[in-house]
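The values are calculated or read from the model by the stated rules, or taken from the named source; none is laboratory data. These numbers come from a predicted model, not from an experiment. Backbone-built Cβ (ideal geometry, glycine too); neighbour counts: all protein chains shown.
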Ligand SMILES: Nc1ncnc2c1ncn2[C@@H]1O[C@H](COP(=O)(O)OP(=O)(O)OP(=O)(O)O)[C@@H](O)[C@H]1O
Ligand SMILES: Nc1ncnc2c1ncn2[C@@H]1O[C@H](COP(=O)(O)OP(=O)(O)OP(=O)(O)O)[C@@H](O)[C@H]1O
Ligand SMILES: [Mg+2]
Ligand SMILES: [Mg+2]
């Protein structure tokens, strides 16, 4: 069938990097096309070339049978290509409704915007995506997950011929993912072409018909999804042969809980213990404690307050009540630096807003938190920094032109790795990981998970927040289930299974009539 | 109404409250303060700054800043006075045309080259004043307003308030609608809140920016023209430091310099605040000029702190 | 994959970075080029320009702006701005004559402390109350100038030989105040490049909430930055006073904040923070000074002076602006 | 010794004297002509609008003399505003004085044009306005009552005369201009240039840059000037501050007193001292002590006597001849 959107030998060069190298890809109406590749493979770049954010240095784009060159995202959008970008790209300070409907607000008399109608419209649309919130609130008061859903709703509700999704599920949890898949199927049946980028392979196999694999900016494979079995796909992505992958590649979490318990249950004294964390409307008497070498998972629906819990523990969230003890000693409230000095660090959920410092290099970003320990009398030792940076860039396989490349120029996944490195560099006693593997490719994901394992063995306490239940179950010794800011269940030992988690959430959720 | 709404209202109307308090205190302290005549003088003299502040509000919400308004104000006045010898129409259109073009140029440079608005309009500040000096041979010649009709535009009164006040009010209303109820307004908020995202959401960033600076230029020119009509001459020593007053007014009004949030009501309240502070100082009657400055400095600090604390009711997480 | 990352550095990589390098160079050194161009113009068209006395004049005149700009660069690095510097200079001028009775050094110390206090006030408003820098420092701009005039209502001449010497004497043909400015530049350069504090300043400017989550003492750093700015401004005020051989709180430092900001931005430090370029800032100040001097020496009328300045500023910033990839 | 603050006008010394004979020439004005009503100055509310900060000798002396005189006459209700050199603010100031019910206005205008709104309001209430030191371009005895002050154009001419005889009628002269757009700047410049053109064509004005009436700016401009035009013979500074800045510059450049002839306008203490020290050649006085003359005129007017529509005061010159003796009278 005739392709609706097509790239022919497209190349894109950035200072120091050839991000795309003669990539060809054809997207047909009514097909869901998976675009996969490890971090930095060029997926987002290709998408940005399709949508007019970047201009290709070589090759040509074809849209609906004719040559196409979109100068701006606006042109692409007008032409019927609508996109959800990897980092949520909405306006945080504007209300949810205005974000959703920007550019096509319902008009009243004299063509002025009809606010009332706009809010109703917004509520109607969003409830279809399971976001039940006051649409007059500034978008930033929503969690990343909810924001992602708003972006999705926005992208889909324009009548488009092509819908491109760059890692839409990275911050969604199961319920939302189901909603999303429902949407995707509707689109496909409507004869719309969908391009779908994700690092969650099982998702790909569930919704995608075609798959294209990129490796280091070059086309590695393209063909029907079904005909490409999992291991082959991975080996294509990583560019290693299958048995190598089978043996080395994908060691995910290696701990099985029974044995894990014995190992870690050792001395019962928790390194960090949070008591009765309370904050109006957000947290309700949350107790969390992590022992050395223990991995505690936080489960719950979007907006359950997992991020808040983590932030509260490191003092990044003003509290109405409760306290945090580190090794028995109370922590000064509301001081992140105190928490970090005491050995409690948080890898934040929102990479762009709270993680990277875009104006600084990879190197500076990694060294940031550890700076005080990186020198004498307030004078930094470049040598020390270089050593640390060198170590972590190798250990985490951070792909950058050089340590001095601006972090903002790295691919999403590599940015995430840089942040991880920043926190490992301070040698914390307890690490709070909020969505640590979000947007990280299979290879790297395995590495990170293995790393968490290893660190735990070395006696590090870990609080793991993940929307990926599988990851949660495999990774955690013990899981606390949150709902609406309160702990509603604790699972440990053999109870730690996806089913039990879903069950706990569900049985608690019955009260709250869904959607 | 929930916390966010409450605090948003507070942030926008904190200035209004401070203003109210100040007025009450003032009228209790001085019996010649709350008189119609005094009120009129405050309102009338504020109206020109208010017109400029309206334009500035759009610029700042869009994430920019316009330092050229002070110079455009004086240029507009001189051009209007000069043009008035050819009649009312020229007196109005000449300044609007020239100041609009200056705004257009600044907008184009900012939107196309991505240079910092602060610096581009700083150049504007210098260049435009230079231009003004050039056409008034180094400020030596003051053109007088010949055209009666035009002069009337600045001096005529309805209900004891001269036309500029009514014009300002009308403009403020129009601006509110434009900002809150039109696609253009939404785009201004969007590019101020997150330019990159706005672009990806299909907002015509460049065009919106250009419009914003054109508007600011036009309004500054208009204010200058009206002022010239009021003074019935194109005074050449006006408008020095006016841009800072306008910015202060807008920010006191609760508009974020980082862009993306704010509103007209606040800015107008901010302008009136500055006016009232001055008037109160005059009421005292015999402060030395130095002390007057200390006092207005303190007042300003006080006001911004109050406004800030009010808006802090909102806890950001 | 390791080897793949490796061959990025290979020939293909080098080709890739060649053209950008030219841009990058202009971007980083555009202001130097501009200064050179202006020097060349003067050498060709300005009588007596190559006299040593001339260079001394230019350096001496630019000193206060350079010193103020150094502080301003730090503030701008945090995504802030400090409008109060001019008034702080005036305050310092006032304090220094008031305490001159105790000798020039104590007087200088008092003046500098005064500046630091004003800086602390601004810093506190910004860091702890959360007032936007431009208004916080605007309030100070107004109030502190008034305060200076309250302390010293009108220009006061002084005869203290030491202070006059500070302003007029030279070492090895180089005016003392120029040497001071040079020393300060080196110090600030060191602070920005090599100290934890310097890194923290740019980090905060680059992404405040990320810095907070990374445990940086954000508020304290902000406070200190404004204190430093006040301190330097005060010092500049004292030196300017010493040179004028009179304390003139009325007009000393008027509008210097604009010159300083221009110097910083022309030097390529973005107003959006997260990046500080010290030497280029000094170059930016020199550029503005040379420009002003050129226009005066060629006796252009005020109108032209201002218009030409506008054009040059635009040109310089255009050359050093950050290009975004498309 | 230092710091010395502004001295009071010691007794009658340095008091303003009306120029005779021409000083009060021209039409006169009476209460009837003006159409005002008589009131008692002592109990009346009087408003004084100062244009610039009291931060230079001239403004300080001016405001002080008004306040002192009011006190002397037992005028208890004197309201003073200061426009901080912002013209718009001065208009508002005066309007608010009117709103506060002043019966007599003494205004030191920042600018001569643009008084329409004030004049209208004052006329409506028949409030007599006396403008001091700078004129208002309007009709005397109807828009405003009268003007008391110096003739800046005349000051420029007399400065030119001093420069001419200092240079023996030929040479190169530089002008340190006042703030651009300011009436005083314009008139002092024109007076000087016209006179030079007419009396000493061999004097060329080779350089004119603004020093904005400030000492530091005067110093900086002069430094640039003497560096690139070493052949300059004379500097005409349009106020004393810039002249003294020029002196500092000359000292710095290792010049000797008298190498370059400096003539300036104002007559401040430091400038007269400068003459005594030999650095300045001559200073044309511009006398700021308007208090006595202003209130005297007002009183006359209220008594029904005819007062002139402009009172030009006779400014003296300071030079090496009289500098030392008149130091006490300089302000
Ligand atoms: N603006 C830029 N400037 C310089 N290099 C860039 C820029 N954007 C991307 N790159 C580089 O291009 C390559 C591809 O980046 P891209 O974001 O397309 O990867 P990706 O496939 O989306 O990875 P991820 O799965 O982590 O999102 C990376 O090496 C990245 O460093
Ligand atoms: N689907 C939603 N509908 C309405 N409000 C939501 C939703 N999701 C999040 N929020 C709001 O955002 C706030 C923070 O949610 P956040 O997503 O950070 O919690 P979370 O448990 O960390 O979820 P996640 O970390 O998976 O995003 C919640 O307090 C809630 O008010
Ligand atoms: Mg990507
Ligand atoms: Mg979260």
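Overview of values
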item: Wholly enclosed helices (runs of 4 or more DSSP H) of the stretch B:175-245 bearing at least 2 residues within 23 Å of residue B:109 (Cβ to Cβ) and free of Cβ contacts under 8 Å to residues at least 60 places away in the same chain; result: B:183-193, B:195-200
item: Test: residue in the stretch D:243-263 that is in contact with a strand residue (DSSP E or B) (Cβ under 9 Å, 6 or more places away or on another chain) and at pLDDT below 90; result: no
item: Strands (runs of 3 or more DSSP E) wholly inside the stretch A:25-141 containing at least 2 residues that are within 14 Å of chain B (Cβ to nearest Cβ); result: A:81-84
item: Test: residue in the stretch C:153-168 that is within 14 Å of chain B (Cβ to nearest Cβ) and in a helix (DSSP H, G or I); result: no
item: Test: residue in the stretch A:402-410 that is in contact with a strand residue (DSSP E or B) (Cβ under 6 Å, 6 or more places away or on another chain), within 16 Å of ligand 2 (Cβ to nearest atom), more than 8 Å from every other protein chain (Cβ to nearest Cβ) and touching a residue at least 24 places away in the same chain (Cβ under 8 Å); result: no
item: Residue C:223 being buried (at least 19 other Cβ atoms within 10 Å of the Cβ) and without any contact (Cβ under 8 Å) to a residue 12 or more places away in the chain; result: no
item: Matching entry among B:257, B:280, B:238 (being surrounded by fewer than 24 Cβ atoms within 10 Å (Cβ to Cβ) and within 7 Å of another protein chain (Cβ to nearest Cβ)); result: B:257
item: Number of the exception - residue A:240 against (1) within 16 Å of ligand 2 (Cβ to nearest atom); (2) in a loop (DSSP other than H, G, I, E, B); (3) within 14 Å of another protein chain (Cβ to nearest Cβ); result: (1)
item: Residue satisfying condition, being in contact with a strand residue (DSSP E or B) (Cβ under 8 Å, 6 or more places away or on another chain) and either within 16 Å of ligand 2 (Cβ to nearest atom) or outside any helix (DSSP H, G or I) (or both), within set A:369, A:353, A:333; result: A:333
item: Subset of the stretch A:480-500 [within 22 Å of the chain's Cα centre (by Cα), surrounded by fewer than 20 Cβ atoms within 10 Å (Cβ to Cβ) and more than 16 Å from residue A:469 (Cβ to Cβ)]; result: A:484
item: Pick from the stretch D:75-102, criterion in contact (Cβ under 8 Å) with a residue 40 or more places away in the chain, part of a helix (DSSP H, G or I) and out of contact with any helix residue (DSSP H, G or I) (no Cβ under 7 Å at 6 or more places or on another chain), ranking: farthest from the other protein chains (Cβ to nearest Cβ); result: D:90
item: Verdict on residue A:313 being surrounded by 16 or more Cβ atoms within 10 Å (Cβ to Cβ) and within 16 Å of ligand 2 (Cβ to nearest atom); result: yes
item: Residue among A:389, A:430 that is away from ligand 4 (no atom under 16 Å from the Cβ), away from chain C (no Cβ under 13 Å) and closer than 20 Å to residue C:203 by Cα; result: A:389
item: Leading residue by the ranking (farthest from ligand 3 (Cβ to nearest atom)) among those in the stretch A:70-95 that are touching a strand residue (DSSP E or B) at 6+ places or on another chain (Cβ under 8 Å) and farther than 23 Å from residue A:161 by Cβ; result: A:95
item: Selection count, the stretch C:208-252, where residues are within 12 Å of chain A (Cβ to nearest Cβ) and at positive phi; result: 1
item: Where residue D:258 falls short, out of the listed (1) closer than 23 Å to residue D:195 by Cα; (2) surrounded by fewer than 24 Cβ atoms within 10 Å (Cβ to Cβ); (3) in contact with a helix residue (DSSP H, G or I) (Cβ under 9 Å, 6 or more places away or on another chain); result: (3)
item: Index of the failed condition, residue A:29 passing every other in (1) under 19 Å from residue A:225 (Cβ atoms); (2) away from ligand 1 (no atom under 16 Å from the Cβ); (3) crowded, with 21+ Cβ neighbours inside 10 Å; result: (3)
item: Residue match in the stretch A:153-174 (condition: farther than 22 Å from residue B:193 by Cα, within 16 Å of ligand 4 (Cβ to nearest atom) and surrounded by fewer than 20 Cβ atoms within 10 Å (Cβ to Cβ)); result: yes
item: Residue that is modelled with the highest pLDDT, among those in the stretch A:19-58 that are within 16 Å of ligand 3 (Cβ to nearest atom) and more than 28 Å from residue A:191 (Cα to Cα); result: A:20
item: Filter result (under 18 Å from residue A:388 (Cβ atoms) and either more than 16 Å from ligand 1 (Cβ to nearest atom) or surrounded by fewer than 24 Cβ atoms within 10 Å (Cβ to Cβ) (or both)) within the stretch A:420-435; result: A:421, A:422, A:423, A:424, A:425, A:426, A:427, A:428, A:431
item: Of all residues in the stretch A:441-454 being within 16 Å of ligand 3 (Cβ to nearest atom) and within 14 Å of chain C (Cβ to nearest Cβ), the one that is nearest to residue A:419 (Cα to Cα); result: A:444
item: Given (1) modelled with pLDDT of 90 or more; (2) buried (at least 19 other Cβ atoms within 10 Å of the Cβ); (3) out of contact with any helix residue (DSSP H, G or I) (no Cβ under 8 Å at 6 or more places or on another chain), index of the condition residue D:156 fails; result: (3)
item: Given (1) in a helix (DSSP H, G or I); (2) under 22 Å from the mean Cα position of the chain (by Cα), number of the condition residue D:121 does not satisfy; result: (2)
item: Sole exception among (1) within 30 Å of residue B:140 (Cβ to Cβ); (2) within 14 Å of chain A (Cβ to nearest Cβ) for residue C:273, by number; result: (1)
item: Qualifying residue in the stretch A:143-150 (condition: over 24 Å from residue A:411 (Cβ atoms), within 16 Å of ligand 2 (Cβ to nearest atom) and without any contact (Cβ under 8 Å) to a residue 60 or more places away in the chain); result: no
item: Members of the stretch A:327-357 that are under 18 Å from the mean Cα position of the chain (by Cα), surrounded by fewer than 21 Cβ atoms within 10 Å (Cβ to Cβ) and facing another protein chain (nearest Cβ under 7 Å); result: A:353
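Yes or no, residue by residue, for (1) more than 30 Å from residue A:378 (Cα to Cα); (2) touching a residue at least 12 places away in the same chain (Cβ under 8 Å):
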site: C:133; (1), (2): no, yes
site: C:169; (1), (2): yes, no
site: C:187; (1), (2): no, no
site: C:192; (1), (2): no, yes
site: C:199; (1), (2): no, no
